[in-house]
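The values are calculated or read from the model by the stated rules, or taken from the named source; none is laboratory data. What you are looking at is a predicted structure, and each value in this text was computed from that prediction instead of being measured. Every residue, glycine as well, gets a Cβ built from its backbone with ideal geometry; the counts of neighbours run over all protein chains shown. Accessible surface is based on the protein model in full, side chains and every heavy atom, while ligands, DNA and RNA are left aside. Shrake-Rupley method; radii C 1.70, N 1.55, O 1.52, S 1.80 Å.
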Amino acid sequence: MSAPIAIIGTGIAGLSAAHALRDAGQVVQLFDKGHGSGGRMASKRSEAGALDLGAQYFTARDRRFLDAVQKWREHGWVAEWDPALYQYRDGELSPSPDEQPRWVGTPRMSAITRALLQDQVVTFTCRITEVFRGEEHWHLQDSEGQTHGPFSRVLVATPAPQAAALLASAPKLAAAAASIPMEPTWAVALAFREPLDTPVQGCFVHEGPLSWLASNHSKPGRDEQLDTWVLHAASGWSKQHIDLPKDSVIEHLRGAFAELIGCAVHAPDFALAHRWLYARPMEAHQFGALADADLGIYACGDWCLSGRVEGAWLSGLEAARRLLEHL
Ligand code: FAD
Ligand code: NAI
């Protein structure tokens with residue numbers, strides 16, 4: 001039997017690739033530096049319940065992704081979220097309804113990758129620092145100095161700046177990944193025992209420090225007792241305030257939220273801030289995935305396509321396709 005395929009990253013891209021490879025009869029082994037799967041689709045467990053701090057919802061436009069989402073819906077892993085949508089522009093908050101279906105994991109965003117993990121072989125809290133090739137096989141080195149392998153092929157499914165370092169054995173791939181800057185996003189969650197008196201459930205914000213706010217509580221399947229909200233700062237603000245202490249970030253974004261939401265915002269009963277250093281690629285790309293078939297090393301992730309959940313999933317699928325093509 002040939003050596004398994006290593007996948008670094010258990011976000012939606014890595015798991016999409018893992019599924020496609022397993023469906024084709026390949027043995028895969030996954031690694032992630034986090035405590036669990038999901039990456040930027042993870043949900044933070046807190047005393048106010050599970051909070052979707054990264055991806056808020058996703059849309060499905062590609063037929064292949066639409067089919068996958070339909071299956072996830074049948075399994076109960078996702079449900080449609082139809083929030084009362086608003087926008088904030090020129091100092092005005094106004095309703096902004098549309099017909100776009102939007103999907104969320106149930107009962108939390110992380111449910112999707114948890115379900116996709118199934119019984120895959122995975123090692124968590126394992127930060128891979130080096131990917132190197134011996135005579136015949138690949139090996140991975142982690143930050144504790146441990147070596148993992150041998151592997152027949154390696155698929156790197158991390159954000160671009162982290163992928164660049166792991167792709168050092170394939171300089172062309174490393175250079176492509178290094179050429180993709182990713183922007184940060186500060187996220188803040190607020191929870192109120194007494195619900196806010198507003199009809200807003202989601203809002204695209206076009207000025208000031210915020211870019212998005214959502215009632216986490218309004219998503220299907222959430223049963224937390226508190227009225228929970230997630231605020232995302234705009235990329236520019238996040239970059240300018242990248243090293244601001246979390247308490248100050250909460251204060252700033254809570255203030256901006258109170259100014260635009262149009263109702264009294266009392267002091268939250270719970271608040272937390274999370275900094276996503278590599279939240280989104282600055283622009284969309286058309287790589288699909290990166291491949292060096294001769295060496296047997298591949299890369300995928302949202303940064304290879306649209307910078308969205310759908311793009312990440314499609315990129316994982318494309319990486320798997322290119323790998324299988326050269327077996
Ligand atoms: P990731 O989810 O980042 O997964 C990469 C994984 O690799 C992580 O689990 C990480 O721990 C692991 N990893 C990294 N380095 C190493 C290493 N050295 N060793 C081991 N493991 C490693 N998209 C939408 O479609 N809709 C939205 O509303 C939306 N909102 C967003 C809001 C925010 C704040 C953020 C941050 C993102 C948002 N996105 C949204 C984007 C979406 O979350 C991403 O496009 C998608 O989740 C990326 O998936 P991925 O698998 O490519 O990468
Ligand atoms: P989408 O179609 O809902 O939104 C795309 C964009 O269209 C929105 O950002 C918004 O500007 C605009 N828009 C859509 N519906 C609107 C409405 N009813 N009223 C006013 N404006 C509206 O979803 P899609 O294309 O799947 O994009 C995913 C979302 O994820 C986007 O909002 C994007 O900004 C966000 N995202 C955020 C990241 C972050 O780091 N904060 C990273 C990656 C994606």
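General remarks:
- Set of lysines with alpha-carbon distance to residue 44 below 22 Å, sequence-local pairs under 8 removed: 33, 219, 246
- Helix axis angle, 246-261 relative to the chain longest principal axis, alpha carbon, degrees: 50 degrees
- Å² per residue, accessible surface of segment 67-166 at 1.4 Å: 51 Å²
- The Cβ shell under 11 Å around residue 10 holds other residues with a net charge of +1, Lys and Arg each +1, Asp and Glu each -1.
- Taking a ≥ b ≥ c as the square roots of the eigenvalues of the alpha-carbon gyration tensor, segment 31-113 is classed oblate because a/c is 1.5 or more while a/b is no larger than b/c.
- 3J(HN,Hα) along segment 303-308: 5, 7, 9, 8, x, 10 Hz, from the Karplus curve 6.51 cos²θ - 1.76 cosθ + 1.60 with θ = phi - 60°, whole Hz, x for Gly and Pro.
- Under Karplus coefficients 6.51, -1.76 and 1.60, residue-wise ³J(HN,Hα) of segment 117-127 in Hz, glycine/proline x: 5, 6, 10, 5, 7, 9, 10, 8, 6, 9, 8
- For segment 147-162, the Karplus equation 6.51 cos²θ - 1.76 cosθ + 1.60, evaluated at θ = phi - 60°, returns couplings of 10, 10, x, x, 10, 6, 8, 10, 10, 9, 10, 10, x, 3, x, 6 Hz by residue, with Gly and Pro reported as x.
- Pairs of Cα atoms nearer than 8 Å and 6+ residues apart set the relative contact order; for segment 168-327 it is 26 percent.
- Of all DSSP beta bridges in the chain, antiparallel share, percent nearest 5: 70 percent
- Sequence ranges 65-72, 306-313, ranked by mean other-Cβ count within 10 angstrom, highest first: 306-313, 65-72
- Against the empirical 2.2 N^0.38 Å (N residues), the chain has a Cα radius of gyration ratio of 1.02.
- Protein accessible area in the chain, 1.4 Å probe - carbon and sulfur %: 47 percent
- A 1.4 Å probe run over the protein chains yields, for segment 224-270, 48 Å² of accessible area per residue, whole-number rounding.
- In terms of its C-alpha gyration tensor, segment 213-327 has a prolate overall shape, because the principal axis ratio a/c (a ≥ b ≥ c, square roots of the eigenvalues) is not below 1.5 and a/b outweighs b/c.
- Across the chain, Cα pairs under 8 Å and at least six residues apart give a relative contact order of 22 percent.
- Take the Kirkwood radius over Cα pairs of segment 162-266, plug it into Stokes-Einstein at 4 °C and 1.567 mPa s, and you get 82 µm²/s for translational diffusion.
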